[in-house]
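A short worksheet on the structure shown next.
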Amino acid sequence: MTRNAWIRDTVVVSIGAMVLLIPAVVNGFPFVYPDTGTYLASAFRGAVPIDRPYWYGVFMRVTSLGGHSFWSIIYAQALLCAFYIHRSTKLIRCQRPHLTTAMVLGALAAFSSIGWYAGQLMPDIFTGIGLLAIFQLFTAQASRVMRTIDALVVIACCWVHLSNMLILPLSGISLLLLHQPAWEAKRRRPWIVLFGLTVISWGGLAVANRMVDKEFYISRGGHVFLVAHMVDTGMLRAWLAEHCTDDELRLCAYKDRLPMDSGHFLWTDSISPMHLEGGWLATRKEYDHIISSTLTEPRYLAWHIRSSITSTMEQLTRWSICVGLQNKDYRTPTSPPYVMIAGTLPSELPAYLNSMQNGGRGELSMRWPDRVYALFTLASVLGAISVCVRKPSLAMEGFSTRTILLFPLGAVLIGCWVCSTLAVVDDRYLARISWIIPLFLALIIAHGFAFGRKGQPTSRH
């Protein structure tokens, strides 16, 4: 790469990251979510969360320059997005890649969900970043340095959100299956790389957790999320009614007064049996027993399978950006985001309270952003499916447009299945990665202007 090309790449990525942050700039402060307080506590107080990874806190600590700016955290997130989007533009060989990147970033910032998640003090954006890194790792003929960077990014994305530990490897498998003919000369190598990445991600996380928490583990709260999901499906109530014939299980005392949904089971201390019986760690043995029982009894195993399918379908219908962005509790002094911002960077508290999210610049309304997002995403999905059913043309050596579009469609489906099956149904789990569908569709369209049906450049300049 020449010096001028490197400068152009740097400029388009740097400015593109700023474009992605337009929603946060309009808001007047990085967006927060109820979980933001927990991540800030792990970043600046060294607290190890029970129900989520410690490592997004490390990212926040580093990118905030040691607690000097919250804006630099979300700029780093947006920079990673812009970096991988620009690399995807060049990989799919779009004509005038710098202009194409700028136009794609502008469209995504205006109409998709990417800006709302890149501008949020949450790790949700790293699912999409990890998917783009997977795509680069197994499709680009990049240097060893770039392949190493992509691999490290994938591992980091797995560490900051536990759902990525499954979503990224499974999406990698789908990509390799779609692209299997391209690896005829060295078919085993990508599978070995993907397997190695998965082992390093899982094993490395356990070791890293041991370093900060003196215990090897992947997740300390998975059992609670699974039981909470059983509350939503009605399975827990049925299982307790059938198995509570003695007093061995403490949860039996609550079989007739279970919380109405998983949200109350997880977070409402006053009515949640989990909290009333000692919390996340104190209930592990009992909840593991319940989960094991439901997975080994045919009736409940079938119930798990049915609920997995129905939950995934329900997740795929959640076409809003993020309901949790509108919450007046954020402005109260007792809310976790307020407490942590006031305690870590008090100079930013006035800006935080003056944000639209907290009513300081008018109330944040997601009505029109949600409608625009839903229409844009629906059009993108229909467009991608329409292109897929047509005879695929080569977009680059060894790859068809069908492969390139089926990868994001499959990744979104995998993401929704993992989260809705192992945790809860939440609009975040679709919206945080849905932007990769219009991204790849836009790049295929841009490629079509530069190349003819046979994969040769057109005469258009």
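Computed quantities for the displayed model
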{"item": "Residue order for Y39, Y429 - accessible surface, 1.4 angstrom probe, largest first", "result": "Y429, Y39"}
{"item": "Cross-link reach list, aspartates and glutamates versus K90, counting only Cα pairs under 14 Å and skipping chain neighbours closer than eight places", "result": "D9, E397"}
{"item": "Cα-based reach from K285 at 18 Å (exclusive), listing aspartates and glutamates while leaving out same-chain residues under 8 positions away", "result": "D51, E215, D246, D247, E248, E277"}
{"item": "Check: the chain dipole with +1 on Lys, Arg Cβ and -1 on Asp, Glu Cβ, in debye", "result": "2260 debye"}
{"item": "Shape parameters for region 80-151, alpha-carbon atoms, Rg then Dmax in Å", "result": "12.7, 35"}
{"item": "Two-decimal ratio, the chain, of alpha-carbon radius of gyration to 2.2 N^0.38 Å", "result": "1.01"}
{"item": "For the chain, cysteines whose Cβ has no other cysteine Cβ within reach (under 4.7 Å)", "result": "C81, C94, C157, C158, C322, C388, C416, C419"}
{"item": "Residue-normalised accessible area of region 101-146, expressed per residue, 1.4 Å probe, Å²", "result": "25 Å²"}
{"item": "Residue-count net charge about W303 - beta-carbon cut-off 14 Å; Lys, Arg +1, Asp, Glu -1", "result": "0"}
{"item": "Where the Cα pairs of region 68-215 fall when distances are cut into 5 Å bins, in %", "result": "2, 9, 16, 19, 20, 17, 10, 5, 2, 1, 0"}
{"item": "Accessible surface of the chain [probe 1.4 Å, protein heavy atoms]: carbon and sulfur percent", "result": "64 percent"}
{"item": "Alpha carbon Rg of region 1-151, scaled by the compact-globule rule 2.2 N^0.38 Å", "result": "1.09"}
{"item": "Per-selection Rg to Rh, region 210-283 - Cα, Kirkwood hydrodynamic radius", "result": "1.02"}
{"item": "Hull shadow area, averaged, region 319-412 [alpha-carbon convex hull, nm²]", "result": "9.2 nm²"}
{"item": "Helix-derived mean residue ellipticity, 222 nm - over the chain, DSSP H n ≥ 4, -39500 (n - 2.57), to 500", "result": "-20500 deg cm²/dmol"}
{"item": "Exposure ranking of E242, E297 by accessible area [1.4 Å probe, largest first]", "result": "E242, E297"}
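The values are calculated or read from the model by the stated rules, or taken from the named source; none is laboratory data. Just so you know, these numbers come straight off a predicted model, no measurement behind them. So basically every Cβ, Gly included, is an ideal-geometry build from the backbone, and we count neighbours across all protein chains shown. Note: accessible area is taken over every heavy atom of the protein model, side chains too, but ligands, DNA and RNA are not part of it. Shrake-Rupley method; radii C 1.70, N 1.55, O 1.52, S 1.80 Å.
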